[in-house]
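Notes follow the structure.
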Amino acid sequence: MMLYRIASALFGYPDAALRAALPAILETVGEDEALMPEERTLLTGFCERMLACDALQAEEDYVNTFDMVPEHSLHLTHHLIGEDKNRGPALIDLSEFYRAHGLDIREKELPDYLPLLLEFVSVLAPATGQSFLAGWHKVLRQLQVNLA
């Protein structure tokens, strides 16, 4: 499920490490036979735009898109619960789900952070990953609408 690993990387902050990884990501996109042609075209175009743009501009665009607009947050429980006190138990439940599937989060990100969620899905069996993502369908669709 390389698509999810690639998407995880590309939803991350466009720092120097991500920019340095873009040529390898492009190579993977070109070689991954599991990608549909429209997925390959979309991913290739995004990577090429990232390579062509100014690094500071990419960082500014990322912050303005995802960090400054709550409706664009990549923290998915925010779209379900907001900043309500009930968000804490939801995050704990998600962390426990990850742990039950062998992922112990040691990163600074919350477990509902979309790149982390996609990275997790990329290591699951396809059916398990699809089932897990289906539980987030409504939120992901809302995020898509908000970003559009």
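Listed values, structure above:
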item: Pairs, first free of Cβ contacts under 8 Å to residues at least 24 places away in the same chain in region 70-83, second small (G, A, S) and surrounded by fewer than 17 Cβ atoms within 10 Å (Cβ to Cβ), C-beta under 9 Å, six or more apart; result: P70/G82; I81/A90
item: Residue within region 61-77 that is closer than 24 Å to L3 by Cα, open to solvent by less than 50 Å² (accessible area, probe 1.4 Å) and among the acidic types (D, E) present; result: no
item: The lone exception for K138 - which of (1) modelled with pLDDT under 90; (2) at negative phi it fails; result: (1)
item: Matching residues, region 101-148, being aromatic (F, W, Y) and not in a helix (DSSP H, G or I); result: Y113, W136
item: Selection status of E27, of a type in the set (D, E), in a helix (DSSP H, G or I) and open to solvent by less than 50 Å² (accessible area, probe 1.4 Å); result: no
item: Output for region 38-60, where each listed residue is within 22 Å of L143 (Cβ to Cβ) and open to solvent by less than 80 Å² (accessible area, probe 1.4 Å); result: E39, L43, G45, F46, C47, M50, A58, E59
item: Some residue of region 83-103 being open to solvent by 40 Å² or more (accessible area, probe 1.4 Å) and closer than 27 Å to R19 by Cβ; result: yes
item: Options L18, L35, L80, L3; residue that is at pLDDT 95 or above and either part of a loop (DSSP other than H, G, I, E, B) or surrounded by 12 or more Cβ atoms within 10 Å (Cβ to Cβ) (or both); result: L18
item: Residue list for region 83-97, restricted to those being assigned to a helix (DSSP H, G or I) and not hydroxyl-bearing (S, T, Y); result: R87, G88, P89, A90, L91, I92, D93, L94, E96, F97
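The values are calculated or read from the model by the stated rules, or taken from the named source; none is laboratory data. Note that the structure is a prediction, hence the values are computed from the model and not measured. With ideal geometry, Cβ positions are generated from the backbone for all residues, glycine too; neighbour counts draw on all protein chains shown. With ligands, DNA and RNA removed, areas are computed over all heavy atoms of the protein, side chains included. Shrake-Rupley method; radii C 1.70, N 1.55, O 1.52, S 1.80 Å.
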